[in-house]
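The values are calculated or read from the model by the stated rules, or taken from the named source; none is laboratory data. Note that the structure is a prediction, hence the values are computed from the model and not measured. Neighbour counts are summed over all protein chains in view; Cβ atoms, including those assigned to glycine, are modelled from backbone coordinates with ideal geometry.
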Amino acid sequence: MAITIVFFGEIVGKTGVFTVKSTMAEIRRRFQPDFVLANADSATGGAGLGIQHAVYLRKLGIDCITMGEAAYYKPDMTEFYPKAGWVLRPANLPEGDPGRGWKIFQKEGKKIAVVALLGQSGFARVHADNPFFAVDQLSHILHRETSCIVVNFHAATTAEKLSLARHADGKVSALLGTGGKVLTADARILPKKTAAITDLGRIGSILSVGGFDPEVKVKEFLTGVPAWGKDASAQPEAQGVCIRFDDEGVALSIESFRIQGKEIVDEGSSDSNQN
C-alpha cells in the first residue's frame, strides 16, 4: 500500500511551534500525508523538548517526533520518555538510556518504521555509537515488520550526513538529515531508490540565525562572549519534505517545501508560553 509522509525540519522555539500550528492545514491540503513527522531538538527554549511541547505538537497532528543531541536537555522530558511513545531519542545512544530510538507506526493499514540517529562529529556533550553500524543492524531487524523505513540522522557536518546517505542507500526507504537548521537543495532519490536530503531545514523565523535573534548572534561573534539568544519571530516559515513510497517502501519522489506561517500576535498564548 503506497505511503506519503511529510517530515518537518527542526522546530526552533515558540515561533517554530506556532508555525507548525499555522501551517498544518496547508500541509495536509497540499500533500495529503499518511504520516506527519518532525524533528523537535530545539523546540523548547531553543534547546531540547519539554513535556508541554511534546504533548502539544502531538495534538497538532504530528505522529512522530525525533530528537538529536538535546534529547535529554529537559529533565521533565527525560522522565517522560517511557510514556511518550511518539517521541524518539537517538537509537545509537547508550543502551539503557530513557526512551526508545525507533518505533513502527501504523495508521489505516499503512505501516512505517521511524528511526532517530545521532552523528558522532561536532557534539562535545554527547557520545553516540557508530550510526553506520546502527543503520545496518536496525534495517535488518525492521525489514521483518515493514518495508518502509524512514531514518532521521541528526548530525553537525554535511560530510557525515552525505556519507551515511550513501551507506544507507537501498537499506532504508529514506535518510533525512537535520542539525544544520538550513534547508539544503539536494533532495534526491539515490541510485538504489532511497530518498535523501542533507538537511530538512527548520520551522521558525527565516530572518534569523538558525531561528535565533540575529543581533544577539552577531554580537557573540564580534565580542567572543557566548550569548544565549532568544528565538526570532519575523517571517516564520515551515520547511521540510514530502516523500511518496510504493508498496515495497521504495521512494518514488521527494519534494522539499517552504510554506510561510503566521507571526505570533499574542506572546502569552497557550502554545507559546513554555520556556
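Overview of values
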{"item": "Residue match in the range 188-201 (condition: more than 22 Å from residue 62 (Cα to Cα), among the aliphatic types (A, V, I, L, M) and either out of contact with any Leu (no Cβ under 7 Å at 6 or more places or on another chain) or not in a loop (DSSP other than H, G, I, E, B) (or both))", "result": "yes"}
{"item": "First in the range 18-32 and more than 10 Å from residue 259 (Cβ to Cβ) and in contact (Cβ under 8 Å) with a residue 40 or more places away in the chain, second anywhere and part of a helix (DSSP H, G or I) and aliphatic (A, V, I, L, M), Cβ under 8 Å, 6 or more apart", "result": "20/57"}
{"item": "Of the criteria (1) touching a helix residue (DSSP H, G or I) at 6+ places or on another chain (Cβ under 8 Å); (2) crowded, with 24+ Cβ neighbours inside 10 Å, which one residue 41 fails", "result": "(1)"}
{"item": "All positions within the range 231-254 that are loosely packed, with under 15 Cβ neighbours inside 10 Å and either within 16 Å of the chain's Cα centre (by Cα) or in a loop (DSSP other than H, G, I, E, B) (or both)", "result": "234, 235, 247, 248"}
{"item": "Contacts under 6 angstrom Cβ, first residue in the range 41-52 being touching a residue at least 40 places away in the same chain (Cβ under 8 Å), partner outside any loop (DSSP other than H, G, I, E, B) and of a type in the set (Val, Ile, Thr), 6 or more apart", "result": "42/12"}
{"item": "Hey, residue 62 touching a strand residue (DSSP E or B) at 6+ places or on another chain (Cβ under 9 Å), free of Cβ contacts under 8 Å to residues at least 60 places away in the same chain and within 28 Å of residue 188 (Cα to Cα) or not", "result": "yes"}
{"item": "Complete set of residues in the range 86-135 that are in contact (Cβ under 8 Å) with a residue 12 or more places away in the chain, loosely packed, with under 13 Cβ neighbours inside 10 Å and of a type in the set (Asp, Glu)", "result": "108"}
{"item": "Top-ranked residue of the range 224-257 - restricted to ones that are in contact with a Leu (Cβ under 7 Å, 6 or more places away or on another chain) and modelled with pLDDT of 95 or more, ranked as farthest from residue 181 (Cα to Cα)", "result": "246"}
{"item": "The range 4-35, residues that are crowded, with 23+ Cβ neighbours inside 10 Å, under 28 Å from residue 252 (Cα atoms) and among the hydrophobic types (A, V, I, L, M, F, W, C)", "result": "5, 6, 7, 8, 11, 20"}
{"item": "Qualifying residue in the range 5-12 (condition: more than 18 Å from residue 261 (Cα to Cα) and within 14 Å of the chain's Cα centre (by Cα))", "result": "yes"}
{"item": "One residue from 185, 168 being surrounded by 15 or more Cβ atoms within 10 Å (Cβ to Cβ) and at pLDDT 95 or above", "result": "168"}
{"item": "So residue 194, is it surrounded by 22 or more Cβ atoms within 10 Å (Cβ to Cβ), in contact with a helix residue (DSSP H, G or I) (Cβ under 7 Å, 6 or more places away or on another chain) and either among the β-branched types (Val, Ile, Thr) or under 25 Å from residue 85 (Cβ atoms) (or both)", "result": "yes"}
{"item": "Residue match in the range 120-137 (condition: touching a Phe, Trp or Tyr at 6+ places or on another chain (Cβ under 6 Å), modelled with pLDDT of 95 or more and part of a helix (DSSP H, G or I))", "result": "no"}
